[in-house]
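What follows draws every value from the coordinates through simple rules; no lab data is involved. Keep in mind it's a predicted model, so treat the numbers as computed, not measured. Here the Cβ positions follow ideal geometry from the backbone for every residue, glycine too, while neighbour counts run over all protein chains shown.
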Amino acid sequence: MAWATLLVEELCRLGVSTFAVAPGSRSSPLALAAASHPRSQLTVAIDERSLGFWALGFSRGNPSGMPAAVICSSGTAVANLLPAVVEASQSNVPLLLLTADRPYELRDTGANQTIDQVKICGGYTRWSSDVTPPSDHVPGRVIVSTADTAVRYCVTGPRPGPVHLNFQFREPLAPRSSEWDPDQFLRGLEHWMQSAEPYTSAIAGQGSNTALHPATPCYTHQQQQQVLGTVQPQPHMQLQQQIQSHRSNGHSHPQQQHAATVQL
């Protein structure tokens, strides 16, 4: 859950705060993190093909030029997004796919709801990444910088378009109590946790049609205090506690009212 929490936080800082969610077990860490963020706007649909085209329409009409992020589970659910991806690619419309997958050790083993999702969209994406499973040995800055790279490829340059991040998740998928080292996980993110800016920023080059992140941060200072618990002199220590609570306290409820959820 800590892994997904950092991902959604960075996407919101970059201006990607609209999440189109197709419910599924494997993608529950991503969906829960998006639903728990105070600035996220969720649209939920059970049909991935319809949801993909909804996200495409949102991204095409969004004045900020930022895409909607589509969250879906593993298996054929991902394949149902391909028509929207092709349309986005041909139309140069940004679209961000956040798909869940089995970890590498369960691939090619006949596991249920498992297909080859790596680069499933072929050449229709501007960039794709098969993201390693969450682990205490993989620092949090890896997922934060991955989000930055994904949005940069999605919205900048002469040909914005779809980007696919394929996330490997191991069971159990629900938050649970476990021993881990938050200091090691958050190392290198101290400055990021005390600011409202993205972890990295790209300079828009010639031909770019949009800035990489909005002029105003996704979090106001008050909202950041409420979400990250930054009421003490060392806010990064409070963020460590919040991230740890995701691992030990089960599903948490959002602290602020979200935008209305639309059921397609």
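Quick notes on this structure:
- Compared with the direct C-alpha span, the chain from VAL142 to SER64 gains 25.5 nm at full extension, assuming 0.36 nm per residue.
- Here the label points at SER50 and ARG187, each 7 Å from Cα along the C-beta direction, are separated by 4.8 nm in the simple model.
- Residues whose placed amide H lies under 5 Å from that of TRP127, excluding near-sequence neighbours: HIS164
- Potential extension, GLN194-ARG170 segment - 0.36 nm per residue separation minus Cα distance: 5.6 nm
- Modelled spin-label separation between GLU179 and GLN90, with each label point placed 7 Å from Cα along the Cα-to-Cβ direction: 5.6 nm.
- In nm, spacing of pseudo-spin labels at SER25 and TYR104 (7 Å Cα→C-beta vector): 2.5 nm
- In segment 1-137, taking the dipole from charged Cβ atoms about the Cα centre, the farthest positive-side position among HIS137, ILE46, GLY61 is held by GLY61.
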